Amino acid sequence: LTPLPQKDGNGKLGLVEFNILWNRIRNYLSIFRKFDLDKSGSISAYELRLALEAAGYRLSKRLHELLITRYAEPDLALDFDSFVCCLVRLETMF
């Protein structure tokens, strides 16, 4: 995935930019649903590893642990909002 294009640099989403963002969110939702194996509405640390690999990210154990520490709830589960934030952060890193 590539960063959102900013044609005019005004900090606002135009129609093309919104369409790109919308398609990414739909893709994220598809991945999230596929790997929410127990259909609980959240994904576990194990499910997150599978989901990130499906999204194209093969991470070290240490980086995976850091993401869990940053984005997971105390029960080590991530809801969809946290999953999106995690993927956006990974996109910007890579």
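List of remarks:
- For the condition at pLDDT below 95, on the phi < 0 side of the Ramachandran plot and aromatic (F, W, Y), F32 does not qualify.
- Helices (runs of 4 or more DSSP H) (entirely within the chain) containing at least 2 residues that are over 15 Å from the mean Cα position of the chain (by Cα): 15-35, 61-71
- I68 touching a Phe, Trp or Tyr at 6+ places or on another chain (Cβ under 9 Å) and either open to solvent by 60 Å² or more (accessible area, probe 1.4 Å) or at pLDDT 95 or above (or both): no
- Condition met for I20 (open to solvent by 30 Å² or more (accessible area, probe 1.4 Å), touching a residue at least 40 places away in the same chain (Cβ under 8 Å) and not aromatic (F, W, Y)): no
- Number of positions in region 32-55 that are in contact (Cβ under 8 Å) with a residue 24 or more places away in the chain, of a type outside the set (A, V, I, L, M, F, W, C) and over 14 Å from C85 (Cβ atoms): 3
The values are calculated or read from the model by the stated rules, or taken from the named source; none is laboratory data. Keep in mind that this is a model prediction, so the values were computed, not measured. Neighbour counts run over all protein chains shown; Cβ positions are idealised from the backbone, glycine included. Surface accessibility is based on the protein's heavy atoms, side chains included, excluding ligands, DNA and RNA. Shrake-Rupley method; radii C 1.70, N 1.55, O 1.52, S 1.80 Å.
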